[in-house]
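Data first, discussion second: the structure below is written as structure tokens.
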Amino acid sequence: YIPLIIVVVFSFNDSKLNAEWVGFTFHWYKALLHNHEMLLAARNSLIIAVSASVLATVLGTMAGLAIHRYKLKVLPVLAFTPVAMPEILLGVSLLLFFLQVLNLTLGMLSIIIAHTTFCIGFVAIIVHARLQGMDESIFEAARDLGATPWQTFRQITLPLIRPAIIAGALMSFTLSIDDFVITFFTKGAGEPILPIQIYTMIKVAVTPEVNAVSTLLMLLTLTLIIIATRFDNSMLGKS
């Protein structure tokens, strides 16, 4: 945690060089509010993260339900492989798929598809773990009482797995907004994206402004992780 603490401390450093501590200031955080390109990059990253997390949550929940219900050995492999696959390999393969197969122009859409692809597995794992800890007699009782499959899902399954779904959505959002490698390969030459924008700034120098935006991104990530962990703990408590 020492490097993270240093980033936070030097985001308040009153010096452009950032080589040594000069004094305390909020100037760099105020400068971010007037940095149009950085604000645009943050907006684009939020749009991508929200879109990817919504799509991944829906598809990942469906995948988790399918794995739990049908017990086919191929389903876990298909759902969980993107989680274990190296990001650089996934990024290169998606790049080739977009350009050579789909003939898709790289941009916001390609990034959203890419982020959804690797986030689905994380949601599926969380939802499947929740389903594994549930008592199957609950569903049998619902069927005995005449409930249709949709009624069973809507009134029993969905409320029970809701904490897992929320935790998976928050995890997907966190992974998407922080991702650099896959974004680097699937991003076009158009709109700026926050991780790429930070990397571009670092190539010149690690200024206090870079530390400031990194601190804000770190704060957002830690907040979402804490919330996701609370939902995960409540899920385990109920099980």
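Descending by average beta-carbon neighbour count within 10 Å, the peptides 77-87, 111-121 line up as 111-121, 77-87, the highest first.
For residue 109 and residue 31, the difference between the fully extended length at 0.36 nm per residue and the C-alpha to C-alpha distance is 25.1 nm.
Taking the charge dipole of region 155-230 about its Cα centre, with +1 at Lys and Arg Cβ atoms and -1 at Asp and Glu Cβ atoms, the residue from 163, 200, 189 reaching farthest to the positive side is 163. Amide H contacts under 5 Å for residue 104: 99, restricted to partners 5 or more places along the chain or on a different chain, H placed in the peptide plane at 1.01 Å from N.
Its Cα centre serving as origin, the chain has a Cβ charge dipole (Lys and Arg +1, Asp and Glu -1) of approximately 420 debye. Share of carbon and sulfur in the accessible area of region 26-93 stands at 76%, probe radius 1.4 Å. Taken per residue, the accessible surface of region 1-114 reaches 64 Å², heavy atoms only and a 1.4 Å probe. What helices does the chain have that are whole DSSP H segments, at least 27 Å long along their own axis by Cα, and with mean Kyte-Doolittle hydropathy of 0.0 or more? Long hydrophobic helices here: 36-70, 108-132, 158-178, 208-238.
Note on region 1-102: with charges restricted to the Cβ of Lys and Arg (+1) and Asp and Glu (-1), its dipole about the Cα centre is near 500 debye. Projecting the Cα positions of 68, 214, 86 onto the charge dipole of the chain (unit charges on Cβ atoms of Lys, Arg, Asp and Glu, taken about the Cα centre) puts 68 furthest along the positive direction.
The values are calculated or read from the model by the stated rules, or taken from the named source; none is laboratory data. Just so you know, these numbers come straight off a predicted model, no measurement behind them. Cβ: placed from backbone, ideal geometry, glycine included. Neighbour counts: every protein chain shown. Please note that ligands, DNA and RNA were not included when accessible areas were found on the heavy atoms of the full protein model with its side chains. Shrake-Rupley method; radii C 1.70, N 1.55, O 1.52, S 1.80 Å.
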